[in-house]
Amino acid sequence: MDFNLSEEQLMIQQAARDFAQNELLPGVIERDRDQKFPTEQVKKMGEMGLLGMMVNPKYGGAGMDSVSYVLAIEEIAKIDASAAVVMSVNNSLVCAGLEKFASEEQKVKYLTPLAKGEVIGAFALSEPEAGSDATSQKTTAEDKGDYYLLNGIKNWITNGGNASYYIVIAQTDPEKRHKGISAFIVEKGWEGFEIGPKEDKLGIRGSDTHSLIFNNVKVPKENRIGDDGFGFSFAMAVLNGGRIGIASQALGIASGAYELALKYAKTRKAFKTEIINHQAIAFKLADMATQITAARMLCYKAATEKDEGKDISESGAMAKLYASQVAMDTTIEAVQIHGGYGYVKEYHVERLMRDAKITQIYEGTSEIQKIVISRSIAK
Ligand code: CAA
């Protein structure tokens, strides 16, 4: 693995950093408070190529490598973790899955506007009673000849209200367990497709999370992704890549909190000196810096392996498991270093602490990552 970033990667990192400072920082506290989706900012991210970063330019993408993607998400998440998850879902769960597995017609019709950021997408796997146990989902897609009839409820869907296109995973043959699951592209506005109310969340409050209700929705056959029965493999493959995106989001949350804590510790005085001169604070910062560097290396490793075409189920899970723990630990300590100031919104670290928690839950909980890793090392 090359530890030196290329000129191009450094440029992308700087562009994302500037964008986050200039466009995301203003209003981030208010968007969190009011649960306001960053509509204008996401539009600009699309124009910058950040919503289809790794997609071939032939389909409207930016044609970049996965390490550049990690760099960009980290910079965005440092300032606004909500914008980062919009970006991660669109890139990893929607665009990457379509580019790898969709038909040429589907790529032209759906991937191209998604990769250009003209519209955004969502990925619907989880259900009210099937989150970690994804094979136990109940949504059905009944084969009716030239269309499928989709019925069921999906839960916790990021971009649920703002997406135009949804990748929906459903049972086509419940008898066959995970081999009887298929994946479909569903458009907003189709008859029988209803979007549930927005969830009122602890963190990432600028992103929108909804349930989706499908009541006899007619999905044309040509909107199935891959073969009948391919949906679970599709979802697993997509999530392996998605976990790199969430790991990078967690990394950004951690490094954002660390940078704020370091700055504060260098200026805030107590007992006649800047608090960084007290070992109790300095050691916390030393731990943070070490853990963040280790998390970053895991993200780069998984991203590099993805570009090399390797199986990233283990490396993606390791990156997410570790980076999300680092995000949690670092943000808690960043609040502690700030003392009372850390507990108020103006100083940003309380928001980052709330945002950190979800990275241990979505796209596979930490416990699921351990299942994936332990099965892989036991092979
Ligand atoms: N990569 C590729 N294939 C995988 C895989 C992986 N990481 N994990 C499992 N598979 C394959 C297995 O090889 C097996 O295939 P074969 O039968 O062909 O060999 C098949 O999937 C079924 O696997 P298991 O028998 O191991 O199934 P299981 O039910 O015991 O466990 C699981 C599977 C790994 C726990 C899986 O259900 C899982 O990953 N659950 C978590 C789901 C998840 O991440 N949900 C997040 C929702 S999306 C989200 O959060 C989106 C958002 O909006 C942010």
- Before we move on, is GLU350 in contact (Cβ under 8 Å) with a residue 60 or more places away in the chain and of a type in the set (D, E, K, R)? no
- Message: Testing GLU222 on (1) open to solvent by 50 Å² or more (accessible area, probe 1.4 Å); (2) part of a helix (DSSP H, G or I); (3) in the same structural domain as MET328 (by the TED database), one condition comes back false. Which one is that?
- Response: (3)
- Query: Among the residues of region 117-151, how many are in a helix (DSSP H, G or I) and out of contact with any helix residue (DSSP H, G or I) (no Cβ under 6 Å at 6 or more places or on another chain)?
  - Reply: 2
- Among what's in region 298-317 and is open to solvent by 60 Å² or more (accessible area, probe 1.4 Å) and of a type outside the set (Lys, Arg), pick the residue that is nearest to the ligand (Cβ to nearest atom). ASP311
- Message: Please go through region 157-174 and give me each residue that is touching a residue at least 40 places away in the same chain (Cβ under 8 Å), surrounded by fewer than 20 Cβ atoms within 10 Å (Cβ to Cβ) and not hydroxyl-bearing (Ser, Thr, Tyr), ordered by number.
- Response: GLY161, ASP173
- Name the residue, out of MET87, MET11, MET45, MET53, that is under 14 Å from the mean Cα position of the chain (by Cα), part of a helix (DSSP H, G or I) and outside the structural domain of GLU305 (by the TED database). MET87
- Message: Suppose the filter is within 16 Å of the ligand (Cβ to nearest atom), farther than 22 Å from VAL28 by Cβ, open to solvent by 60 Å² or more (accessible area, probe 1.4 Å) and at pLDDT 95 or above; does ALA378 pass it?
- Response: yes
- If we keep only residues of region 318-327 that are more than 16 Å from the ligand (Cβ to nearest atom) and either of a type in the set (Gly, Ala, Ser) or under 16 Å from the mean Cα position of the chain (by Cα) (or both), then the residue nearest to VAL238 (Cα to Cα) is TYR322
- Identify, by number, the condition in (1) over 22 Å from THR365 (Cβ atoms); (2) within 14 Å of the ligand (Cβ to nearest atom) that ASN223 doesn't meet. (2)
- Query: For the subset of region 113-138 comprising residues that are surrounded by 14 or more Cβ atoms within 10 Å (Cβ to Cβ) and away from the ligand (no atom under 13 Å from the Cβ), which member is modelled with the lowest pLDDT?
  - Reply: LYS138
- For ALA254: the one exception among (1) farther than 23 Å from THR135 by Cβ; (2) in the same structural domain as LEU150 (by the TED database): (2)
- Of the residues that make up region 340-353, is at least one within 16 Å of the ligand (Cβ to nearest atom) and either closer than 17 Å to LYS263 by Cα or at pLDDT 95 or above (or both)? no
- Message: Please determine whether any residue of region 336-356 is assigned to a helix (DSSP H, G or I), open to solvent by less than 40 Å² (accessible area, probe 1.4 Å) and among the hydroxyl-bearing types (Ser, Thr, Tyr).
- Response: no
- Task: Look at ALA250 and say whether it is farther than 24 Å from THR304 by Cβ and not β-branched (Val, Ile, Thr).
- Result: no
- Task: Run ILE213 past the list (1) of a type outside the set (S, T, N, Q); (2) crowded, with 19+ Cβ neighbours inside 10 Å; (3) in a strand (DSSP E or B); (4) out of contact with any His (no Cβ under 8 Å at 6 or more places or on another chain) and report the number of the one that doesn't hold.
- Result: (2)
- Could you please let me know if LYS36 is surrounded by fewer than 18 Cβ atoms within 10 Å (Cβ to Cβ) and within 16 Å of the ligand (Cβ to nearest atom)? no
- In region 184-210, what count of residues is obtained for those that are touching a residue at least 60 places away in the same chain (Cβ under 8 Å), under 19 Å from PRO128 (Cα atoms), open to solvent by less than 40 Å² (accessible area, probe 1.4 Å) and assigned to a strand (DSSP E or B)? 0
- Message: Based on this model, can you work out whether GLY160 counts as assigned to a loop (DSSP other than H, G, I, E, B) and touching a strand residue (DSSP E or B) at 6+ places or on another chain (Cβ under 6 Å)?
- Response: yes
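The values are calculated or read from the model by the stated rules, or taken from the named source; none is laboratory data. Small disclaimer: the values here were computed from a predicted structure and weren't measured. As a convention, Cβ positions derive from the backbone with ideal geometry for all residues, glycine included, and neighbour counts pool all protein chains shown. When the accessible area is computed, the model is the full protein with side chains, heavy atoms only, and any ligands, DNA or RNA have been set aside. Shrake-Rupley method; radii C 1.70, N 1.55, O 1.52, S 1.80 Å.
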